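Read through the structure below, which is laid out as structure tokens, and then see the notes.
The values are calculated or read from the model by the stated rules, or taken from the named source; none is laboratory data. No experiment lies behind these values; they were computed from the predicted model shown. Every residue, glycine as well, gets a Cβ built from its backbone with ideal geometry; the counts of neighbours run over all protein chains shown. Surface accessibility is based on the protein's heavy atoms, side chains included, excluding ligands, DNA and RNA. Shrake-Rupley method; radii C 1.70, N 1.55, O 1.52, S 1.80 Å.
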Amino acid sequence: MTGSAPLRRLIAPLLLCCALIVGVTGCGGGDKSGASSSASPSGTSAAEAQKFAKTRFVANAGLAAGATYQWIVKPYRAGKFKKGADGRKFALVKAGLAGGFTYNRLKAAVANAKGDPLLSKAVAPLTAGIESLKGLGDKLRRGEAGAGDVGAFEGVINGIKSAGSSAGAEVKDKVPSASQLGG
């Protein structure tokens, strides 16, 4: 009878999935004419596009700032990256992932900033600094990063926060989850 337990474990989720699929497909509208009830996409006004550009900029920059502080700056200041430190390898791996994540979110924030003229002008001088962070994630992961490298992350983040504030888009640190770091 031990062979039936794995079979039951497979059948229960399968039945649940089938029930959900049948329920979803059976939930069509009461429209008997056969006409499609899907909404057609509509354009957004320039004001809405600018509003969303700032919102997305703040979200992406906040995630980058939170990741940098939580997994790069804070462990570095606590001495977690020094040879022989307790949990060094794990701290370096997290810092490397955070470095890549930060670079990715900063690139997205700059792309978002292009939707708002004032924000775009404020962020434009920082693109070279963001590009300089490109390889630092790997450098952190290998344990080759020093105070200057950690300072580069901190400097770019502070520049982004300042640029956002000057354009009316205040950036606050938002620490991403570990699963967000991994992609």
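The set of residues from the range 148-158 being open to solvent by 20 Å² or more (accessible area, probe 1.4 Å) and either touching a residue at least 60 places away in the same chain (Cβ under 8 Å) or farther than 17 Å from residue 74 by Cβ (or both) comprises 148, 154. If you scan the range 77-103, which residues turn out to be of a type in the set (Lys, Arg) and within 16 Å of residue 177 (Cα to Cα)? Matches in the range 77-103: 94 only.
Scanning the range 103-126 for residues that are open to solvent by less than 20 Å² (accessible area, probe 1.4 Å) and outside any helix (DSSP H, G or I) turns up just one, 116.
Within the range 134-145, the set of residues being part of a helix (DSSP H, G or I) and either more than 14 Å from residue 64 (Cα to Cα) or in contact with an Asp or Glu (Cβ under 8 Å, 6 or more places away or on another chain) (or both) comprises 136, 138, 139, 140, 141.
Annotation note: of 148, 100, 129, the sole residue that is under 16 Å from residue 68 (Cβ atoms), part of a helix (DSSP H, G or I) and out of contact with any helix residue (DSSP H, G or I) (no Cβ under 7 Å at 6 or more places or on another chain) is 148. Would you check if there is a residue in the range 129-140 being closer than 16 Å to residue 155 by Cβ, at pLDDT 95 or above and in contact with a Leu (Cβ under 6 Å, 6 or more places away or on another chain)? So far as the range 129-140 goes, no, none of its residues is closer than 16 Å to residue 155 by Cβ, at pLDDT 95 or above and in contact with a Leu (Cβ under 6 Å, 6 or more places away or on another chain).
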